[in-house]
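Asks: Below: one structure in structure tokens.
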């Protein structure tokens with residue numbers, strides 16, 4: 001299959017039907033009966049195009065486009081939320097992520113809290129420096145495709161009167177057109193897999209919280225006898 005996106009009289013280029021389209025939805029629920037201050041992390045495995053048979057040994061798939069959407073849903077009808085409180089979900093969409101904390105690019109999750117040094121340049125008069133905590137991490141990784149983060153607030157409520165105040169929700173949404181960003185997208189073969197890493201943290205939780213991440217991926221499939229470099233377009237010869 002040609003991956004040339006130019007249209008001219010001698011070549012019609014490509015159209016919608018030349019690509020494969022994959023949608024993924026993952027959810028992680030922390031129920032009402034769990035600890036009141038949960039911190040849960042998970043790495044989901046996403047096989048490439050498994051609903052249509054996946055990739056053959058002589059096929060590779062270029063990730064042309066990636067859309068990522070993340071949000072948290074609060075099931076406040078399942079329990080009385082005694083106090084208004086907050087939480088967050090964060091994570092990464094990536095390729096061949098390790099099934100460990102290293103698969104989540106977050107200093108608190110990895111334990112690498114001192115990899116980036118912070119120099120304090122100002123502290124308010126009512127704040128002592130020894131009460132501050134600095135965390136920083138940096139990676140050089142081609143397998144992290146999209147980092148995401150969203151925060152939310154659980155409203156206080158009760159079964160008799162319904163939801164109270166202080167509830168809020170922010171959603172995360174991002175799109176990456178790799179041919180516009182880098183000329184080509186990462187190229188995967190049948191030994192690779194996509195992953196979605198997610199961490200959900202809630203403070204003083206009574207009601208159920210569900211973190212959800214959805215992706216839409218567009219793949220360009222090509223046959224090759226040599227996959228070439230890691231995450232690269234196959235050689236022509």
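The values are calculated or read from the model by the stated rules, or taken from the named source; none is laboratory data. If you're wondering where the values come from, they're calculated on a predicted model, not measured in any experiment. Cβ coordinates were reconstructed from backbone atoms using ideal geometry, including for glycine residues, and neighbour counts include every protein chain displayed.
Asks: Go through segment 143-159 and count every residue that is modelled with pLDDT under 90 and not in a strand (DSSP E or B).
Replies: Number satisfying all stated conditions: 3.
Asks: Have a look at 176, 205 and point out the one that is surrounded by 17 or more Cβ atoms within 10 Å (Cβ to Cβ) and closer than 15 Å to residue 147 by Cα.
Replies: Details: 205 fails: closer than 15 Å to residue 147 by Cα.
The unique qualifying residue is 176.
Asks: Would you please name the residue that is surrounded by the fewest Cβ atoms within 10 Å (Cβ to Cβ), looking only at residues in segment 104-134 that are touching a helix residue (DSSP H, G or I) at 6+ places or on another chain (Cβ under 9 Å) and either more than 23 Å from residue 39 (Cα to Cα) or modelled with pLDDT of 75 or more (or both)?
Replies: Among those that are touching a helix residue (DSSP H, G or I) at 6+ places or on another chain (Cβ under 9 Å) and either more than 23 Å from residue 39 (Cα to Cα) or modelled with pLDDT of 75 or more (or both), it is 120.
Asks: Do we have any residue at all in segment 171-185 that's part of a strand (DSSP E or B), under 16 Å from residue 85 (Cβ atoms) and in contact (Cβ under 8 Å) with a residue 12 or more places away in the chain? Please lay out each step first, then the result.
Replies: We begin by selecting, within segment 171-185, every residue part of a strand (DSSP E or B); these are 172-177.
Then keep just the ones that are under 16 Å from residue 85 (Cβ atoms); that gives none.
The answer is no; no qualifying residue exists.
Asks: Still on this structure: Could you tell me how many of the residues in segment 48-59 are within 19 Å of residue 97 (Cβ to Cβ) and surrounded by 14 or more Cβ atoms within 10 Å (Cβ to Cβ)?
Replies: The number of residues fulfilling the criteria is 3.
Asks: Output the residue which, of all residues in segment 85-103 that are at pLDDT 85 or above and assigned to a strand (DSSP E or B), is surrounded by the fewest Cβ atoms within 10 Å (Cβ to Cβ).
Replies: Step by step, filter segment 85-103, then rank; the result is 88.
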